[in-house]
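Colleague: Please read through the structure below; I'll follow up with questions.
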Amino acid sequence: MATSEPIALNPLRRGLVEDRTGDACAAVIFGASGDLTRRKLMPALYNLAWGRALPGGFAVVGVGRRDKTDESFRAEMREAVSAFSRRKPIDGALWADFERGLSYVRGAANDPATYESLRAQLERVDSERGTRNNHLFYLAVPPSEFGPIVDGLRASGLVSTPGRDRAAGTWSRVVFEKPFGHDLASARALNDSIASAFDESQVFRIDHYLGKETVQNLLVMRFANLLFEPVWGREHVDQVQITVAEEIGVEGRGRFYEQTGVTRDIVENHLMQLLCLTAMEPPISLSADAVRDEKVKVLRSMRPMDRDDVSHNVVRGQYGRGLVRGEPAAAYREEPDVAPGSNVETYVAMRCFVDNWRWSGVPFYVRAGKRLARRVTEIAVVFHEVPQTLFRAARAAGAVADDGGPRGITPNVLAVRIQPDEGISLRFISKEPGQQTFLRDVAMDFRYGTAFGSNTPEAYERLLLDAMRGEATLFTRRDEVEAQWEYMDHVLEAWASSGPPVPPIYAAGSWGPSEADDLLARDGRRWRKP
Ligand SMILES: NC(=O)c1ccc[n+]([C@@H]2O[C@H](COP(=O)([O-])OP(=O)(O)OC[C@H]3O[C@@H](n4cnc5c(N)ncnc54)[C@H](OP(=O)(O)O)[C@@H]3O)[C@@H](O)[C@H]2O)c1
């Protein structure tokens, strides 16, 4: 019988689709006594348990060098979850159930005995909780320990090959935290070592920016809407600006920062990923490899820079003393564990080009820094100006509105706000109400918080769940991470070969060194104030 009423989805069936939890499994967290486990991983797992997204019998085996019992580990994790979970207060009954799956193994990464204890514990967990030899190894340890853990897992036979796994109906996967390498050579060496123990399909390299809802929404915005793609390229886009700005300084992580600087900490990974998602072609599907193939093509299209190019197109800086939100802030060189004469960069701005058909000639201005005026991550696509003949008279009529704001025609801007105040804002020109034709730039805003509520999942929730499901789209592939380093190595090598660099000092709380403004001024452009 024909009917105009839509057939309602069977709600039971919908639940099954949305709550796909994956196979029963145990996560082994190396670095279970560390900061990342406390602040991110355990709260993420608890929130997944709250949302009933974890498979039944799910277990965590924490590994660290510090002495702990299962009980003391559970108590510490409860405290951590109480402090850092996005859902508060902690649900006592849920926690009691969750903590039954937590246990701790003490051991050092380079000690074969660690892997023997781990094997014994995993056998216990598999038989008691039905996790069926499905194991997710998560390396939340300093990068120096990645190699010894890969070696330990390989030597102990704790990780089997995908072929053997498939035959046995089980799997093992391994997740690597960032930073992944220090330069191209070290990233390649690490990849070689990983490839000697695992198949690439078992390897999940984290870039936690990819787990952010707003970053995932970039693909949805671009490819699930008709509006944007036709204007997404050199014919309509004048420039793209990507900003990853932090207000905070190094916050007690001076030792780490002295080794990395902002280039290795943010630009090589997070910022490059944002650029790839902005510039990539539509993938043939949403499968992990189809999406990553397109990102790799962007990286391979990026115009390499020689030493001269680096000096023309890259500006670095280091924060000096200043005021952040009205509070005095120390200079980078005054931070704990930072050398008094340190030349490490806390700010980088770059002018990059993606030399392919779509983006030929469109500059991508990217910048990242600490102790800047605001915490904001934003991608701004700035369109070409319209021919202004029609509204010339309106422009001449008055450059300043009654409220002091600027009048006239400015380019349309589509700004994707990754954090905070996640959303999308489109700026366009409108007529001011009144008898005369005065033109003003106005904004149409979409805010995630307003549209969907503010309690959105943390990046680590999505990433942990995806790794358990074997879904690798939001993780970086070997060739991708190497292509990122290949591009950034030009910059790092140019700096290294031009003697000890002296980055310009910018005041904490400012938008960076004036040299970064000059970089755009030479092209007749300005940084947006996001
Ligand atoms: N914290 C964050 O927000 C954050 C953000 C992004 C990425 N990461 C990355 O995540 C990783 C961990 O960072 P974190 O901040 O958690 O560091 P952390 O607080 O210093 O903790 C390091 C952990 O690694 C363990 N560990 C160190 N050396 C070991 C060894 N030889 N054998 C066995 N275990 C060892 C430590 O165990 P013991 O203390 O028991 O020795 C501790 O549990 C790093 O790669 C970092 O770059 C962290």
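The values are calculated or read from the model by the stated rules, or taken from the named source; none is laboratory data. All of these numbers come straight from a predicted model, not from anything done at the bench. No Cβ is skipped: glycine too gets one built from the backbone with ideal geometry, and neighbour counts run over all protein chains shown. Ligands, DNA and RNA are excluded from the accessible area calculation, which covers all protein heavy atoms including side chains. Shrake-Rupley method; radii C 1.70, N 1.55, O 1.52, S 1.80 Å.
Colleague: Under the condition of being part of a helix (DSSP H, G or I) and within 16 Å of the ligand (Cβ to nearest atom), which residue from the stretch 97-118 is farthest from Thr69 (Cα to Cα)?
Modeller: Going through the qualifying residues, I end up with Pro112.
Colleague: Can you tell me which of (1) in a loop (DSSP other than H, G, I, E, B); (2) within 15 Å of the ligand (Cβ to nearest atom); (3) more than 21 Å from Thr37 (Cα to Cα) is the one Asn133 doesn't meet?
Modeller: It fails just one condition, (2).
Colleague: Return the pairs, sorted by first residue and then second, in which the second residue is away from the ligand (no atom under 15 Å from the Cβ) and in a helix (DSSP H, G or I), the first residue lies in the stretch 142-165 and is acidic (Asp, Glu), the beta carbons are less than 8 Å apart, and the residues are 6+ apart or on different chains.
Modeller: Qualifying pairs under 8 Å: Asp151/Ser193.
Colleague: Taking Ala472 as the residue in question, decide whether it is more than 18 Å from the chain's Cα centre (by Cα), of a type in the set (Gly, Ala, Ser) and open to solvent by less than 50 Å² (accessible area, probe 1.4 Å).
Modeller: no
Colleague: Out of all the residues in the stretch 84-96, which are free of Cβ contacts under 8 Å to residues at least 12 places away in the same chain and in a helix (DSSP H, G or I)?
Modeller: Result: Gly92, Ala93, Ala96.
Colleague: In addition: Return the residue satisfying two criteria in turn: it lies in the stretch 452-468 and is out of contact with any strand residue (DSSP E or B) (no Cβ under 8 Å at 6 or more places or on another chain) and in a helix (DSSP H, G or I), and of such residues it is most open to solvent (accessible area, probe 1.4 Å).
Modeller: For the stretch 452-468, the residue satisfying everything is Phe452.
Residues checked against (1) touching a residue at least 60 places away in the same chain (Cβ under 8 Å); (2) assigned by TED's automatic domain parsing to the domain that holds Ala494; (3) within 14 Å of Leu218 (Cβ to Cβ):
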{"site": "Asn269", "(1), (2), (3)": "yes, yes, no"}
{"site": "Gln273", "(1), (2), (3)": "yes, yes, yes"}
{"site": "Leu277", "(1), (2), (3)": "yes, yes, yes"}
{"site": "Met280", "(1), (2), (3)": "no, yes, yes"}
{"site": "Leu286", "(1), (2), (3)": "yes, yes, yes"}
{"site": "Arg292", "(1), (2), (3)": "yes, yes, no"}
{"site": "Lys295", "(1), (2), (3)": "yes, yes, yes"}
{"site": "Met302", "(1), (2), (3)": "yes, yes, no"}
{"site": "Arg307", "(1), (2), (3)": "yes, yes, no"}
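Colleague: Taking the stretch 194-227 on its own, how many of its residues are in contact with an Asp or Glu (Cβ under 8 Å, 6 or more places away or on another chain), within 16 Å of the ligand (Cβ to nearest atom) and assigned to a helix (DSSP H, G or I)?
Modeller: 1
Colleague: Residues of the stretch 182-201 being of a type outside the set (Gly, Ala, Ser) and either within 16 Å of Leu158 (Cα to Cα) or open to solvent by 60 Å² or more (accessible area, probe 1.4 Å) (or both), which ones?
Modeller: Correct list: His182, Arg188, Asp192, Ile194, Phe198, Asp199, Glu200.
Colleague: Of all residues in the stretch 25-52, count the ones that are more than 9 Å from the ligand (Cβ to nearest atom), open to solvent by 20 Å² or more (accessible area, probe 1.4 Å) and not in a helix (DSSP H, G or I).
Modeller: Going through the stretch 25-52 one residue at a time, the tally reaches 2.
Colleague: When you look at Asp67, is it open to solvent by 80 Å² or more (accessible area, probe 1.4 Å), in the same structural domain as Val150 (by TED's automatic domain parsing) and either assigned to a loop (DSSP other than H, G, I, E, B) or within 16 Å of the ligand (Cβ to nearest atom) (or both), yes or no?
Modeller: yes
Colleague: Please give the number of the condition Gly233 fails out of (1) open to solvent by 60 Å² or more (accessible area, probe 1.4 Å); (2) outside any helix (DSSP H, G or I).
Modeller: (1)
Colleague: Identify the residue in the stretch 146-181 that is open to solvent by 60 Å² or more (accessible area, probe 1.4 Å) and either modelled with pLDDT of 95 or more or part of a helix (DSSP H, G or I) (or both) and, among all such residues, is nearest to the ligand (Cβ to nearest atom).
Modeller: Per the criteria, the residue is Asp151.
Colleague: Quick check on Val362: is it touching a Phe, Trp or Tyr at 6+ places or on another chain (Cβ under 7 Å) and among the hydrophobic types (A, V, I, L, M, F, W, C)?
Modeller: no
Colleague: If the requirement is being open to solvent by less than 20 Å² (accessible area, probe 1.4 Å), under 25 Å from Glu213 (Cβ atoms), at pLDDT below 95 and not small (Gly, Ala, Ser), which of these qualifies: Ile379, Ile418?
Modeller: Ile418
Colleague: Identify all residues within the stretch 76-96 that are out of contact with any Leu (no Cβ under 7 Å at 6 or more places or on another chain) and within 16 Å of the ligand (Cβ to nearest atom); write none if there are none.
Modeller: Matches in the stretch 76-96: Glu76, Glu79, Ala80, Val81, Ala83, Phe84, Ser85, Arg86.
Quick grid of which residues meet (1) over 20 Å from Ala368 (Cα atoms); (2) open to solvent by 30 Å² or more (accessible area, probe 1.4 Å); (3) under 16 Å from the mean Cα position of the chain (by Cα):
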{"position": "Ile266", "(1), (2), (3)": "no, no, yes"}
{"position": "Cys276", "(1), (2), (3)": "no, no, yes"}
{"position": "Pro282", "(1), (2), (3)": "yes, yes, no"}
{"position": "Ala288", "(1), (2), (3)": "yes, no, no"}
{"position": "Leu299", "(1), (2), (3)": "no, no, no"}
{"position": "Met302", "(1), (2), (3)": "no, no, no"}
{"position": "Asp308", "(1), (2), (3)": "yes, yes, no"}
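Colleague: Something else about it: Please work out if Leu122 is in contact with a His (Cβ under 9 Å, 6 or more places away or on another chain) and part of a helix (DSSP H, G or I).
Modeller: Answer is yes for this residue.
Colleague: To continue, here is another question. Starting from the stretch 193-217, take each residue that is in the same structural domain as Ser425 (by TED's automatic domain parsing) and list its partners that are of a type in the set (Phe, Trp, Tyr), counting only C-beta distances under 6 angstrom and pairs at least six apart or across chains.
Modeller: Val215/Tyr209
Colleague: Take Glu123 and decide whether it is more than 16 Å from the ligand (Cβ to nearest atom), over 21 Å from Ala288 (Cβ atoms) and out of contact with any Cys (no Cβ under 7 Å at 6 or more places or on another chain).
Modeller: The answer is yes for Glu123.
Colleague: Now a separate question. Just to verify a result, which residue in the stretch 77-89, among those that are at pLDDT 95 or above and not small (Gly, Ala, Ser), is most open to solvent (accessible area, probe 1.4 Å)?
Modeller: Glu79
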